[in-house]
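Just below is one structure, and these are the notes that go with it.
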Amino acid sequence: MQRWSRALSLTALMAAMPPASAADPSVALRVKTYPIQGRTSEELRDTIIQASRALGNGAHGAASATFKFVPLLDYRESENGCVLSDVRVRLEAAITLPEWVSSRGADEATVGAWRRFERYVRAHEARHEAIAADFRRTMERELEAIGVMESCPALGREAVAVVADVERMHHEAQISFDREERVRSSLLGR
């Protein structure tokens, strides 16, 4: 029973968190939905599985999130070499969620289960967005830390390497989050 209350508390906390894009103008969020239909939990699950496969999420991904980091860099040459004079990183986020087009004919238990599921999915994807927003800030800090290099081409190569490293770490963090969520879900019997 204690595991259940901890997992529910985490879901409630995640649902209460505003999306990263709400607080950060460097994050551009686009949310799309895909329609699902059904009157029972089983019909809804089957529709989600079919739609998820069409979206490329596999049989278990009800929603998806994709992220693109867009570094905006200005270089300045001086007698000492080349330095990044302005560093900004924009995050383009796209989230796709299921949308139940009509609950007509569904019983109260199914409607309640859907609402809980929808809150969880939105919170889960908001956490993915928050992870990406953290790495957007990390990328800016790492690029700013490069300092002066002997030439602008050398600085450009170093910037490309930094971006690749942070993107790799971001990808690993997203996979780790999903892995931890699967463990939590298994504790709830989902």
Review point. Pick from 179, 136: which is among the charged types (D, E, K, R), at pLDDT below 95 and over 17 Å from residue 85 (Cα atoms)?
Key: 179
Exercise for review: Note down all Cβ pairs under 9 Å where the first residue falls in the stretch 25-42 and is in contact (Cβ under 8 Å) with a residue 24 or more places away in the chain and of a type in the set (Phe, Trp, Tyr), the second is surrounded by 16 or more Cβ atoms within 10 Å (Cβ to Cβ) and assigned to a strand (DSSP E or B), and they're at least six residues apart or on different chains.
Suggested key: 34/96; 34/97; 34/98
Practice item. Give me a count of the residues in the stretch 105-144 that are in contact (Cβ under 8 Å) with a residue 60 or more places away in the chain, under 28 Å from residue 47 (Cβ atoms) and basic (Lys, Arg). Key: 3
Review point. Does the stretch 142-149 contain any residue that is out of contact with any strand residue (DSSP E or B) (no Cβ under 7 Å at 6 or more places or on another chain) and surrounded by 12 or more Cβ atoms within 10 Å (Cβ to Cβ)?
Key: yes
Point to revise | Positions within the stretch 70-102 being farther than 22 Å from residue 28 by Cα and in contact (Cβ under 8 Å) with a residue 24 or more places away in the chain, in sequence order | key: 75, 77, 78, 80, 81, 82, 83, 84, 100, 101, 102
Exercise for review: With the checklist (1) under 23 Å from residue 171 (Cα atoms); (2) at pLDDT below 95 in hand, flag the one item residue 44 doesn't pass.
Suggested key: (1)
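So that you can scan it fast, the table gives a plain yes or no per residue for (1) modelled with pLDDT under 95; (2) of a type outside the set (Asp, Glu); (3) more than 30 Å from residue 33 (Cβ to Cβ):
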position	(1), (2), (3)
113	yes, yes, no
129	no, no, no
141	no, yes, yes
144	no, no, yes
147	yes, yes, yes
159	no, yes, yes
174	no, yes, no
186	yes, yes, no
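The values are calculated or read from the model by the stated rules, or taken from the named source; none is laboratory data. Note that this is a predicted model, so its numbers are computed, not measured. For neighbour counting, all protein chains shown are included, and Cβ atoms are generated from backbone atoms with ideal geometry for every residue, glycine included.
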